[in-house]
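A short write-up of the structure that comes next.
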Amino acid sequence: MFDRQKIEEIAKERERWQKSTLPNWIRQCPERQKEFKNHSGITIKGLYTPEDVKDMDYMRDLGFPGEYPFTRGLHATMYRGRLWTMRMFAGYGTAEDTNKRFKYLLSEGETGLSTAFDYPTIMGYDSDHPMARGEVGVCGVAISSLQDMEVLFDGIPLDKVTTSMTINGPASVLLAMYIAVGDKQGVPREKLGGTTQNDNLKEFFAQKLCIFPPKPSLKLSVDVIEYCARHLPKWNPISISGYHIREAGATALQELAFTLCDGIAYVEETLKRGLKVDEFAPRLSFFFASHNDFFEEIAKFRAARRLWARIMKERFHTRNPRSMWMRMHVQTSGCTLTAQQPLNNIVRTTIQALAAVLGGTQSLHTNSFDEALCLPTEESVRVALRTQQIIAYESGVANTVDPLAGSYYVEALTNEMEEKAMEYIQKIDDMGGVIPAIEKGFFQREIAESAYRYQREIEEKKRIIVGVNEYAIEGEEIPVKLLRVDPSVEKKQIERLQKLRRERDNRKVKEVLEKLHYAAEKDENLMPIIIEAVKAYATLGEIMDVLRKVYGEYKELIII
Amino acid sequence: MQSGRKIRVLIAKPGLDSHDRGAKVVARALRDAGMEVIYTGLRQTPEQIVETALQEDVDVIGLSILSGAHMALFPRIMELLKEKGLTDVVVFAGGIIPEEDIPELKKIGIKEVFGPGTPTETIIKYVLENAPKRR
C-alpha cells in the first residue's frame, strides 16, 4: 500500500527510533511482560508501522465493501444502511411458556426469533425417555412432536418472522415440523425464512451433541442443504459454527480454521448431490464467538470473510458474489463469563460485542451477566440487549464502514490469521478432509490442548481474569436472582405426549416410520418422508430411533 | 500419602449436557498430579456411573454437570452408590450448580461442590486430603 522507497525510509527511521528513543523509555519503564501474545499464540509487537503491511495490495486484499474479497464488509453501506440483527436466543419450559416469551419479544419489536431447545430434544429423545429425566424444558423448550411445535408458533405468522433454530442431529425433523406448521397456516414454503444450525460436523469435536457416526451425520446435514436449495429458497439450511469450537477451548485461529474446513466439507458434499455451487452456496451461513482479545477477534472476523470469499472463488470456482459472501452471526463468549463478581460480565460482553460490530457481523447475540450461574433472567437479558443498542445508537461506531481498516496492527493481524488458518486447512486437506481428521481425533486433541494451556495460564497468572485470579473478593457472596424452571413442566409435557400417542392414528404412524426406515437404507434424501412423518404426528424420538437403527449411534472417542 | 496404590478418580458426566471442557481439564490436572484418572465420556446414566466406579474400584468420584439436572440425577447416583456398598467413595461435584442447592447436595452425601473459576490446584489439594485411606 506504500511505494518501496517510502517503506525503506520508514524502516530506516524505525531503526533509528529503536536505537535512540526506545531504550531510554524501556530503562525508565520496562515492559510489563517479556513477551506479549494473543490467544492464538501470535506474538504481538510493541509497534506496528507501514512496514508490517508493505506487501498488501489495497484492491487485492481489502477492496471496497460489498465487493470481493469482502474484507471491509458484505454490504456497501454496512450499518449506515441497516444495523445488525439483534437476535436473542430464548427457550425454556413447555411450548406454551416459550410461545409467550416469543410473543413478548415480538411485541418489543423483535422480528427474528431464536429458539433454544432442551437437551432431550437436541439429542433426539422424547420428553418421556429415561435419559430425559430432570432435563425436560430446563435448558430450552421441549419439543417432542408437531403438536408441541404448533403450540410454540401459535398465533405467530411464519411469513412475518424469521426463526433460527439451534438444532443439529435432529435438524431435519425440527425443520420438517416448522414446514408443517407453515403448511397449516397456509404460508407458501418459499416464504419461510430462518436458519437451522444443522452443522453436524462440529459436534464431533466441539459441541459434542452427536447422535450418529460422522458419515450419516454429514449426510443428514446435506439432506437439509439440498432440500432447502430446491424448495425453501429463503431458508439458511446451515449455520457453520465456530462458536462451539471456541467454547470447547480452541484458540481464535483454530476456531477460524476448523470452521472453514467444515464449510469446505459441506460444499464438497453438497456438490455431490448434483447441485451447482451457486444453487446453494449463497444460503450457507456462519456462526462465530467473540472472545476477550479485542483486536484478535476483529482480525478473525475480517480474515474469515476474506478467506471464505477466496476459497469460494478459487477452490469452488464460483463467480457469483453471493456465493462468496460469508454471512455471520456472532455470539459473545460464554466461557469468558465469571461466576465471581458477575456484574463485571457486562463489561466483558460489551468489549466482545463491540469487536463483533467492528468485525462486521450481520447478527449478534449478547450473553447475559448471570449466565455463569444459571439461565438468564428477564432483567439480565434486557441489559444484554441494551448493550447492543448502546453500541448501535450511542457509540458512533456504526456510522462508517469498517473503521479499523488501514490500522497497521489490525491489517497485519488479519493477514497473519488468514495465513495461519490456510496452513491448518492445508494440513486437514492432507489428512483427507474433516471426517478422517475427526476419526483420528485431530481436532479433539488440538482443542483439548488449547483448553488445558488456557487453564494453566490462568493458574500461573500468565493470564489475568479480573475477579478470579486477581482482584478477587474474599468470601464473596453472589447476589443474583436465579431463574428456575418449574419441575411441573416435565410432568405436563409427558402427559401431553402420552395423550398424543393414544389419540393419533397409530397405524399411519407405523407405516410412515417403516417407509422412513426403507428410505434411510436406500440413502435417499430424507426430508420429504420426515415431513410426512411429522404430519402423521410421529414423534421426534420415534423418527430418530428409526435412524439410530439404520445408522447406529456414535461412540465417543475419549481424548483428555 | 498412601503406599503403593495411586489414588483412583472417576470423572463422570451425568445428564445430557455436553460441556466437557471443565471435566477434561480437571481430569488432566488430577492425572498430572499423579493420580489414576478414568473419564467416563458424556451422557452417562447414574447406573453407568456407579457401575464404572465399581468396576474401576475408584476412591473418588467427581461429577460434572452444567445442564441444571443435578437435583434430579445426583440423588439417584448417591442412592446407587449406597446400594452397591460404595459408601467410602468420596464424591465431589462441579459445574453450574447454584449456591442454594449446595446444602441439599451435602445432605445426600456430596462432600464438596466446586463452582466455575475454581483453580485445579484447589481440586487436587482437596482430593489428596480427602481420598479415603486404603488399608
Matching helices (runs of 4 or more DSSP H) fully within region B:55-135 where at least 2 residues are crowded, with 21+ Cβ neighbours inside 10 Å
B:70-83, B:120-130
With respect to A:Asn292, is the statement that it is closer than 26 Å to A:Glu477 by Cα and crowded, with 24+ Cβ neighbours inside 10 Å true?
no
Can you tell me which residue within region A:346-375, out of those that are within 14 Å of another protein chain (Cβ to nearest Cβ) and in contact with a strand residue (DSSP E or B) (Cβ under 9 Å, 6 or more places away or on another chain), is surrounded by the fewest Cβ atoms within 10 Å (Cβ to Cβ)?
A:Arg348
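Given the structure, is A:Arg386 within 22 Å of the chain's Cα centre (by Cα) and within 30 Å of B:Ile65 (Cα to Cα)?
For A:Arg386, the condition - within 22 Å of the chain's Cα centre (by Cα) and within 30 Å of B:Ile65 (Cα to Cα) - is not met.
Those residues that are polar (S, T, N, Q), within 14 Å of A:Ile143 (Cβ to Cβ) and assigned to a loop (DSSP other than H, G, I, E, B), I need them from region A:85-129; list them, please.
A:Thr94, A:Ser127, listed by residue number.
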Note on region A:482-539: residues under 29 Å from the mean Cα position of the chain (by Cα), of a type in the set (Val, Ile, Thr) and either under 23 Å from A:Thr94 (Cβ atoms) or within 14 Å of another protein chain (Cβ to nearest Cβ) (or both) are A:Val485, A:Val489, A:Val534, A:Thr539
Please give the number of the condition B:His70 fails out of (1) more than 12 Å from the chain's Cα centre (by Cα); (2) without any contact (Cβ under 8 Å) to a residue 60 or more places away in the chain; (3) away from chain A (no Cβ under 12 Å).
(3)
B:Asp57 vs (1) in contact with a Cys (Cβ under 9 Å, 6 or more places away or on another chain); (2) more than 7 Å from chain A (Cβ to nearest Cβ); (3) of a type in the set (Asp, Glu): all pass except (1)
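Among the candidates B:Lys13, B:Lys24, single out the residue that is touching a Phe, Trp or Tyr at 6+ places or on another chain (Cβ under 9 Å) and at the interface with chain A (Cβ under 9 Å from one of its Cβ atoms). Even if it seems obvious, please write down each step before you answer.
Numbers: B:Lys13 fails: at the interface with chain A (Cβ under 9 Å from one of its Cβ atoms).
Being touching a Phe, Trp or Tyr at 6+ places or on another chain (Cβ under 9 Å) and at the interface with chain A (Cβ under 9 Å from one of its Cβ atoms) holds for just one of B:Lys13, B:Lys24, which is B:Lys24.
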When region A:229-243 is examined, which residues are found to be part of a helix (DSSP H, G or I) and crowded, with 24+ Cβ neighbours inside 10 Å?
A:Tyr243
For A:Ser164, the lone unmet condition from (1) within 11 Å of chain B (Cβ to nearest Cβ); (2) touching a residue at least 24 places away in the same chain (Cβ under 8 Å) is (1)
Could you please find all residues in region A:490-533 being out of contact with any Phe, Trp or Tyr (no Cβ under 9 Å at 6 or more places or on another chain) and basic (Lys, Arg)?
A:Lys491, A:Lys492, A:Arg496, A:Lys499, A:Arg502, A:Arg507, A:Lys510, A:Lys515, A:Lys522
Candidate set from region A:88-123 (those that are aliphatic (A, V, I, L, M) and within 14 Å of another protein chain (Cβ to nearest Cβ)); member that is surrounded by the most Cβ atoms within 10 Å (Cβ to Cβ)
A:Ile122
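Every number in this text was worked out from the coordinates using simple rules, so none of it is lab data. Predicted model, so just to flag it, every value in this text is computed and none were measured. Counting neighbours? That spans all protein chains shown, and the Cβs are built from the backbone with ideal geometry, glycine included.
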